[in-house]
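Enquirer: The structure's right below; bear with me while I get my questions together.
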Amino acid sequence: MKILGMNGDNAVAYAMKQINPDVVAGYPITPQTIAIEKFSEYVADGEVDTEFVAVESEHSAMSACIGASASGGRVMTSTASAGLAFMWEMLYVAASTRLPIVMNVMNRALSAPINIHCDHSDSMGARDSGWIQIYGENVQEGYDNIIQAVKIAESAGLPVMPCFDGFIVSHAVERVEALDDEKVKNFIGIYKSEHPLLDVENPVTYGPFDMYDYYMEHKKQEHEAMKAALKIVKDVGKEYEKISGRSYDTLSEHRLDDAELAVIALGSTAGTAREAVDEMRKKGINAGSLKLRLFRPFPYEDIRNALKNVKAIAVMDRCDSFGAFGGPMFSEIRSALYKTSDAEVVNYIYGLGGRDVTTNHIKKVISDLNNISTTGKVKEYVQYLGVR
Amino acid sequence: MVSLKELSKKEEKLASGHRLCAGCAEPIIVRQILSATDEPVIASNATGCLEVATTIYPYTSWKIPWIHSAFENAASTIAGVEACYQVLKRKGKINREIKFVAFAGDGGTYDIGIQALSGAAERGHDFLYVCFNNEAYMNTGIQRSSATPMGASTTTSPAGSVIPGKKEFPKDLTEIMAAHKIPYVAQGSPGFYNDLIAKAGKAFSIKGPKFMNVIAPCPRGWRHPTDKTIEISKKAVETCFWPLYEVENNEYRLTGISKLIAEGKKEKLPIVEYLKMQGRFKHLFTEKYKHIIPEIQSRIDSDWGILKKKCGY
Ligand SMILES: Cc1ncc(C[n+]2csc(CCOP(=O)(O)OP(=O)(O)O)c2C)c(N)n1
Ligand code: SF4
Ligand SMILES: [Mg+2]
């Protein structure tokens, strides 16, 4: 093990160096740029065997990843915001072709107006594309998630999108415990594709025209693969704990055991929420928090279990779903709890375009929950937090 | 020169029984191109008539490894395949020679796919890109593309009572690709199969990005009888509407009939000979729009003059 001081982007590049993928196709976009630059240096210095393809767009980045993955290679890339939006068409192709591509997303707001800072609109927009989505809280998790993602992707036969917060994680230098190269190598093993395009002796047709007579069966297979991925994520998390000492599951709880009020968040805000919970506990308010790590597949049973005793829940969405009844996580959590819990569930849309969210904001959320729990009345189910 | 006898002995890489229209030039061109190498070939294919009609699940007409991922990215998809090949070869996991080819229509090349093609060419991937130029979006029902000739009626540039079909001349994609200064760029026609196969053979033997633009008559879109495909593809060359030439290491060279025309050994036919065979130009033969034909002729003459000069005539 090595203790390193790295920002999130450098940690992604470092993990990619240890993984030593066959092909990386990349295109720069803030706040992901540092990762792709750093990886290019590893290539230039011969520290990896990777064929690095510096493509002319993100659409081509994902297209090249698809070609390379279908060819039988271990393939990675990373992007953010407009880059992910530009790939949208190809995200579905990658997932439906069942290609185990790993792509880190450094979450950033979408235009317009153009903004380079964090929110989750980019990856949330891709939540139905068939990619497994894992959200990391800090640099250490960012590093750990990438390595696990390779194994998850190749076991599930689905692409994986580990995400973390742009700038807040991508540009923050933190202490990282990096595994030894050998450990990473043994953990991910050797990738063997079932039907590589490069096997010219056994020609295969990838991406045929599929009509109403078969398309739906193929979608059902994808649906089942996504369902099966839930256990794979858990198993890989346990296996990773053995080599790293850090445990990973679909979610993690903070003081939820005896809590009546719960705050749920993804990514870096989960840390802020824990802090706010601790401060409110000192004031005698019975709060807890839940950090959701896995968003796709959605671990609804784990969520039900974790929240079974709470009376009021605040779901923190770092993106809007315009016109919907709340943000994407809110809708899913409410639906997961339907008929299994009579807790009130409210939604806060916060932190858009990098708007800072502090413990004070979350303490206010917990106070709101406390009012709901004592009065039994909800003033507003969906509201913006920290907006003028 | 390839002999027909030799060609007939080669195993077909695209099986018969596909669902392209009778008389479609696309499968003819695929066969001609793929017959030009004996090495294993892997193809990427953009969305379009060829892709749709050769791979209706659970069937496939392809006897070679083949991948379709979307409409605008035949070049970046094959770039990924080729990149993977390079690394696996470097690692000793593959040790045979493999050729890479991207097939796409004019829509997938001149329009929506030009960025991916330009990028892959600039990066120097080792692949041959073949554009089937049937001068419109045929798969979606004959809409205009930037390859559609001036005066042609398509479903989005219909000849109406005030507008005589497409108003603009097409862009010259072959020249755009030559401007990338890649090792090999050529124009071909399936009517002159010897020329086309020789060019494909040359392209396959060269390392790096290669581009071939092939005129591909479409009986549906061009409105001609299905047995006129080859004749029309020859007329395109004989009228200098679609000259046969190649640019090898930046050196321009006319080939086949086009060379003979430039040298005065063969007559250059007037463009009417080409236009009159196709329903898409029918309105140009009416009183109202007949003035368009001389405009087309003068553009062809001027383009031909420029090309001849580049080829040293
Ligand atoms: C991004 C995207 N836009 C539009 C389409 C619809 N589309 C499919 S094939 C096609 C036309 C293909 O034309 P061309 O490339 O010239 O090939 P052809 O069918 O004429 O051989 C279009 C517009 C698509 N599949 N994807
Ligand atoms: S519409 Fe044209 S290009 Fe398409 S299959 Fe028919 S003849 Fe070929
Ligand atoms: Mg076309």
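Enquirer: Name the one entry in A:I3, A:I34 that is away from chain B (no Cβ under 14 Å), assigned to a helix (DSSP H, G or I), open to solvent by 10 Å² or more (accessible area, probe 1.4 Å) and farther than 22 Å from A:L158 by Cα.
Expert: On the way: A:I3 fails: assigned to a helix (DSSP H, G or I).
Exactly one of A:I3, A:I34 is away from chain B (no Cβ under 14 Å), assigned to a helix (DSSP H, G or I), open to solvent by 10 Å² or more (accessible area, probe 1.4 Å) and farther than 22 Å from A:L158 by Cα, namely A:I34.
Enquirer: When you scan the stretch B:28-43, how many residues do you find that are of a type outside the set (D, E, K, R) and without any contact (Cβ under 8 Å) to a residue 24 or more places away in the chain? Quick ask: steps written out before the conclusion?
Expert: First pass over the stretch B:28-43, keeping only residues of a type outside the set (D, E, K, R): B:28-30, B:32-37, B:40-43.
Filter again for without any contact (Cβ under 8 Å) to a residue 24 or more places away in the chain, leaving none.
Residues meeting the conditions: 0.
Enquirer: Further question on the same structure: If you take the residues of the stretch A:153-203 that are part of a strand (DSSP E or B) and not hydrophobic (A, V, I, L, M, F, W, C), which of them is nearest to the other protein chains (Cβ to nearest Cβ)?
Expert: Step one: list which residues in the stretch A:153-203 are part of a strand (DSSP E or B), which gives A:160-165, A:174-178.
Narrowing further to those that are not hydrophobic (A, V, I, L, M, F, W, C): A:162, A:165, A:174-175, A:177.
Working: A:P162: 21, A:D165: 29, A:E174: 32, A:R175: 34, A:E177: 30 Å.
Checked the stretch A:153-203; the qualifying residue nearest to the other protein chains (Cβ to nearest Cβ) is A:P162.
Enquirer: Quick check on my filter: what residues within the stretch B:111-145 are more than 8 Å from ligand 1 (Cβ to nearest atom) and free of Cβ contacts under 8 Å to residues at least 40 places away in the same chain?
Expert: B:G141, B:R144
Enquirer: Something else about it: Kindly evaluate B:A36 against the criterion of being in contact with a Gly (Cβ under 7 Å, 6 or more places away or on another chain) and open to solvent by less than 20 Å² (accessible area, probe 1.4 Å).
Expert: Working: in contact with a Gly (Cβ under 7 Å, 6 or more places away or on another chain): yes; open to solvent by less than 20 Å² (accessible area, probe 1.4 Å): no.
No.
Enquirer: While we're on this one: Restricting to the stretch B:73-107, name every residue that is of a type in the set (D, E, K, R), over 21 Å from B:L34 (Cβ atoms) and more than 7 Å from chain A (Cβ to nearest Cβ).
Expert: Within the stretch B:73-107, the first condition is being of a type in the set (D, E, K, R), and the residues that meet it are B:82, B:89-91, B:93, B:96-97, B:99, B:106.
Going one step further and asking which of them are over 21 Å from B:L34 (Cβ atoms), we end up with B:89-91, B:93.
Answer for the stretch B:73-107, where residues must be of a type in the set (D, E, K, R), over 21 Å from B:L34 (Cβ atoms) and more than 7 Å from chain A (Cβ to nearest Cβ): B:K89, B:K93.
Enquirer: Kindly indicate which of B:T148, B:T156 is within 16 Å of ligand 2 (Cβ to nearest atom), touching a strand residue (DSSP E or B) at 6+ places or on another chain (Cβ under 8 Å) and assigned to a loop (DSSP other than H, G, I, E, B). Lay out the reasoning, then the answer.
Expert: Details: B:T148 fails: touching a strand residue (DSSP E or B) at 6+ places or on another chain (Cβ under 8 Å).
Unique residue meeting the criteria: B:T156.
Enquirer: Something else: Only residues that are buried (at least 18 other Cβ atoms within 10 Å of the Cβ) and part of a loop (DSSP other than H, G, I, E, B): list them for the stretch A:322-349, please.
Expert: Residues satisfying the conditions are A:G326, A:G327, A:S341, A:A343.
Enquirer: Can you confirm whether A:R127 is away from chain B (no Cβ under 14 Å) and open to solvent by 20 Å² or more (accessible area, probe 1.4 Å)?
Expert: On the way: away from chain B (no Cβ under 14 Å): yes; open to solvent by 20 Å² or more (accessible area, probe 1.4 Å): yes.
Answer is yes for this residue.
Enquirer: Is it the case that B:R31 is at pLDDT 95 or above, away from every other protein chain (no Cβ under 11 Å) and open to solvent by 20 Å² or more (accessible area, probe 1.4 Å)? It would help to see each step written out before you state the result.
Expert: Working: at pLDDT 95 or above: yes; away from every other protein chain (no Cβ under 11 Å): yes; open to solvent by 20 Å² or more (accessible area, probe 1.4 Å): yes.
Here the answer is yes, as B:R31 does meet what is asked.
Enquirer: What number of residues in the stretch A:350-381 are β-branched (V, I, T), open to solvent by 30 Å² or more (accessible area, probe 1.4 Å) and either part of a helix (DSSP H, G or I) or in the same structural domain as A:H117 (by TED's automatic domain parsing) (or both)? It would help to see each step written out before you state the result.
Expert: Here is the first cut: in the stretch A:350-381, the residues β-branched (V, I, T) are A:357-359, A:362, A:365-366, A:372, A:374-375, A:378.
Then keep just the ones that are open to solvent by 30 Å² or more (accessible area, probe 1.4 Å); that gives A:358-359, A:374-375, A:378.
Keeping just the survivors that are either part of a helix (DSSP H, G or I) or in the same structural domain as A:H117 (by TED's automatic domain parsing) (or both) gives A:359, A:374-375.
Count: 3.
Enquirer: A further question on this structure: State which residue is nearest to the other protein chains (Cβ to nearest Cβ) when the search covers only the stretch B:147-188 and only residues that are open to solvent by 20 Å² or more (accessible area, probe 1.4 Å) and within 16 Å of ligand 3 (Cβ to nearest atom). Walk me through it before giving the result.
Expert: Applying the first criterion (open to solvent by 20 Å² or more (accessible area, probe 1.4 Å)) to the stretch B:147-188 yields B:153, B:155-156, B:158-164, B:167-172, B:175-176, B:179-181, B:183.
With within 16 Å of ligand 3 (Cβ to nearest atom) added as a condition, the list becomes B:153, B:155-156, B:170-171.
Working: B:S153: 28, B:T155: 22, B:T156: 22, B:P170: 23, B:K171: 19 Å.
The residue in question is B:K171.
Enquirer: Quick check on the stretch B:108-139: of everything there that is within 14 Å of chain A (Cβ to nearest Cβ) and in a loop (DSSP other than H, G, I, E, B), which residue is nearest to the chain's Cα centre (by Cα)?
Expert: Of the stretch B:108-139, the ones within 14 Å of chain A (Cβ to nearest Cβ) are B:108, B:112-127, B:129, B:139.
Those left that are additionally in a loop (DSSP other than H, G, I, E, B): B:112-113, B:124-126, B:139.
Numbers: B:I112: 16, B:G113: 14, B:G124: 21, B:H125: 20, B:D126: 19, B:N139: 16 Å.
Selected residue: B:G113.
Enquirer: Name the strands (runs of 3 or more DSSP E) wholly inside the stretch B:205-313 in which the number of residues that are within 16 Å of ligand 2 (Cβ to nearest atom) and either open to solvent by less than 10 Å² (accessible area, probe 1.4 Å) or under 29 Å from B:G160 (Cβ atoms) (or both) is 2 or more.
Expert: On the way: elements: B:209-215, B:245-248, B:251-254.
Hits in the stretch B:205-313: B:209-215.
Enquirer: Also, I was wondering about something else. Restricting attention to the stretch A:89-144, report how many residues are closer than 30 Å to A:Y206 by Cβ and not aromatic (F, W, Y). Show your work before the answer.
Expert: From the stretch A:89-144, those closer than 30 Å to A:Y206 by Cβ are A:89-106, A:122-134; that's our starting set.
This time we only want the ones that are not aromatic (F, W, Y), so: A:89-91, A:93-106, A:122-130, A:132-134.
Counting residues in the stretch A:89-144 that are closer than 30 Å to A:Y206 by Cβ and not aromatic (F, W, Y) gives 29.
Enquirer: Quickly run through the stretch A:42-92 and pick out the residues that are closer than 16 Å to B:A70 by Cα, of a type in the set (A, V, I, L, M, F, W, C), open to solvent by less than 20 Å² (accessible area, probe 1.4 Å) and assigned to a helix (DSSP H, G or I).
Expert: Of everything in the stretch A:42-92, those that are closer than 16 Å to B:A70 by Cα, of a type in the set (A, V, I, L, M, F, W, C), open to solvent by less than 20 Å² (accessible area, probe 1.4 Å) and assigned to a helix (DSSP H, G or I) turn out to be A:A61, A:M62, A:A64, A:C65, A:I66, A:A68, A:A70, A:M90, A:L91.
The values are calculated or read from the model by the stated rules, or taken from the named source; none is laboratory data. Being a predicted model, the structure only gives us computed values, none of them experimental. Glycine also receives a Cβ, built like all others from the backbone with ideal geometry; neighbour counts cover every protein chain displayed. Just so you know, the surface numbers come from the protein's heavy atoms only, side chains and all, with ligands and any DNA or RNA stripped out. Shrake-Rupley method; radii C 1.70, N 1.55, O 1.52, S 1.80 Å.
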